[in-house]
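So that we are looking at the same thing, I have put the structure below in structure tokens.
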Amino acid sequence: MTAATLLDDTSIVAIATPAGRGGIGIVRLSGPAAITIAQNLVPSINTNTPRLAQYAILRDESGARVDDALITFFKAPHSYTGEDLVEIATHGAPVVLDWLVRACVDRGAQPARPGEFTERAFLRGRLDLTEAEAVRDLIDAQTLGQAKLAAQQMGGSIATAIRPAKDALISLIAALEAGIDFAEDDLDTLSAAEIDAPIAAIETSLNTLLTSFAHGRLMREGLRLAIVGRPNAGKSSLFNRLVERDRAIVTATPGTTRDVISEHISMEGVPVELLDTAGLRETVDEAESMGVARSRQTIADADAVLLVVDATAAETDEEVSLKESLLGRPVIEVRNKIDLLRERLPDEVSWTNQRSDFTRQTIWVSAVSGEGVEALRAGILSLARGSAQTGDGGATLTNLRQRNAVANAASSLAMARSAAIRELPHEMILLDVYEALRALDELTGQTTADDVLNLIFSSFCIGK
């Protein structure tokens, strides 16, 4: 089933600006009756000049003035949705915007569902599915890095990256089909080597694109970084230093933190979620014991760990046990309270954990004075970027749906190569090649199930 089955001839309306009061508010109309509804609302507006903002006075049914407005018309197909579209900008008073939406509904419009404007843009061919997903990501962006990545995707970077692969697949399919259809006409058929070579090249390009997913997921979802250690090691002080404000309560009494405290920060455009946890120790205090249990769960769920130890104290058995449990995980060991040390500090060290591909760093800091914190920030950024590489040509996969589509295409091509090497009939090879092409079509939304589309667009905000 194709996405076009979701198209209908209704006209929709919604407030396109965030909820609340503001200087400007925008109501958006889209559909075959959008211009008619706007003309009925404001008869004096000239609808013959698209893309020109026109001043208008909005009046209620009795003729009383409600607000001033600027109205802009966009003629199909040259609009965001690919349909006739009208944007009405008023003062951002919620009562005015709500009245305006009701006035449009009274004239035949339907309230828009979440994401319905962007869904229509996709269905009308104005955006492919990866570009539509990027619209949502741009709206949800919390760092400039996230916004830049979303803008790159909105420019069609993924579609551009897979276009050579799709073209090569179509050419291969045409050659294989011709060999089958004209076998009786002495038409030369492709040899196993001639089939294997283009498939191998396509498979390589797709595998390169797959490597971008680690970076894309990091930029889209952020790095979840758990700050852990024994009580009074300075976790909350370090947390406050990294977020640059007194977010967590700090006292000299061990066990102050009883629950996980979360804060989002940006490090050179990379989103990082810092998680301050309760100190890990055996305790009979019920509340603290619950906090310790949550800390251990947070460690399990986190992408990486800041293990904070007191540089002035001897290592405890609990810390040794914790370090052993973190083998194979990306970890930065933070030796805190260096402002209290009298002896010269050893040089900063880093060593490779022999049971993983990650480098475990040891960084000396003082959460009180700030010494070493910039080195820690650099270490966190290095850790975040360590296993995240960008894809071919700048294209980056940012969600699991995209990653799975490319992985399925690559898997089908691997099966096609195996069939070609074993010199199986070309009909068998074609089945896998067609499956690879179908997976790439799903990536950009050319053949996407309606329930998948509903799931994607329902996560948008209303008015977009």
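The values are calculated or read from the model by the stated rules, or taken from the named source; none is laboratory data. Just so we're clear, the structure is a prediction, and the values are computed from it rather than from any experiment. Positions of Cβ are generated from backbone atoms using ideal geometry, with glycine treated the same way; all protein chains shown enter the neighbour counts.
What do you reckon, is Lys148 outside any strand (DSSP E or B), within 32 Å of the chain's Cα centre (by Cα) and at pLDDT below 90?
Here the answer is yes, as Lys148 does meet what is asked.
Right, something else. I'd like the full set of residues that are free of Cβ contacts under 8 Å to residues at least 40 places away in the same chain and more than 16 Å from Arg21 (Cα to Cα), limited to the stretch 77-114.
His78, Arg102, Asp106
Suppose we filter Ser289, Ser295 for residues that are modelled with pLDDT under 85, farther than 21 Å from Leu383 by Cβ and in a helix (DSSP H, G or I); which single one remains?
Every option except Ser289 fails the conditions.
Looking for whichever is buried (at least 21 other Cβ atoms within 10 Å of the Cβ), assigned by TED's automatic domain parsing to the domain that holds Asp9 and part of a helix (DSSP H, G or I) here; the options are Glu119, Glu133. Which one fits?
Glu119
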